[in-house]
Amino acid sequence: MKERFILKNKTNVFCRVKSLFSVVSLLTVFYSNYSSAQNSKDMTLDGEWNKRIIPVYDYVVVFSLPKDWPHNIAYEKFDTNFYISEFIPKNQKLDEWTDMMTVTGYKKIDSSPKQYFSSLYTITQKICGEKATAAQIIREQDNFIIALLMCGSPLNDEIGKSINLRHDQGEMTLYKIFKEKESIYSIFYSWRGKKYDVKDEDDKNLPTTMDKVKHYILQTKSIKICSKNNPIEECKEYVGLTKKLNKN
């Protein structure tokens, strides 16, 4: 789901976001239990993922892609205030995909991660309708939020064109949204499938299973946003890598 939009005001519409009292709501418990577990085994499964490093404005975005996905960017757009890049598996196409990983950056946007996600929710409601839109907040801190946004299907094909989603399709998107000074960065994994009921208790009818969503949630823990100008110690390696990449 491309998130190219202008936040027209700072009103916090987060109170409208629905929490899902279903199998999806268990994601919050899962993340909480994993984060608080002492001496827990690292479940990020690095052997199945490759690090990807992209310079975006004054920062470097560090994230993971499934190992069997192409390293090359499938789609990229870069202008003065907005950046987007998209990644898809090698056997899928930009106009017909079921799995996608996206990185975006907005410069000079006066909103918090919470407000930003609220705006995404409101936009999704306009496209998919109130009954076919739902969200689950998984983790929230001052500078970032992790949340799942669901669209059962767009109201019709014409409205769905804005996100290239047909009326017979549904989508789920797992976001991690950061606030860095006056910029907002989001890294999100999206899944598409047949239209579905967002209240369905059986995840077999969803675009992807909850086990797969959990797998991706663990990967969000390794996502970093590193300042190019003054990187903290753990980011210096990645900032240095981008300089080498730019020379090639």
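No value in this document is a laboratory result; all are computed from the given coordinates. Since we're looking at a predicted model, the values are computed, not measured. All Cβ positions, glycine included, derive from the backbone under ideal geometry; neighbour counts span all protein chains shown.
Which GluC sites (Glu not before Pro) from region 87-146 combine a DSSP loop assignment with at most 12 other Cβ atoms within 10 Å?
Listed in order of number, the matching sites are GLU130.
Using a/c under 1.5 as the rounded threshold, could you call region 72-226 rounded, prolate or oblate? The axes a ≥ b ≥ c are square roots of the C-alpha gyration tensor eigenvalues, and prolate needs a/b larger than b/c, oblate otherwise.
Verdict is rounded for region 72-226.
Treating cross-link reach as a plain straight distance, find the aspartates and glutamates whose alpha-carbon is under 14 Å from the alpha-carbon of LYS181, omitting any fewer than eight places away in the same chain.
Within the straight-line limit of under 14 Å, LYS181 reaches these aspartates and glutamates: ASP58, ASP110, ASP142.
Could you work out the local net charge near VAL61, counting Lys and Arg as +1, Asp and Glu as -1, over the other residues with Cβ closer than 9 Å to its Cβ?
Neighbourhood net charge equals +2.
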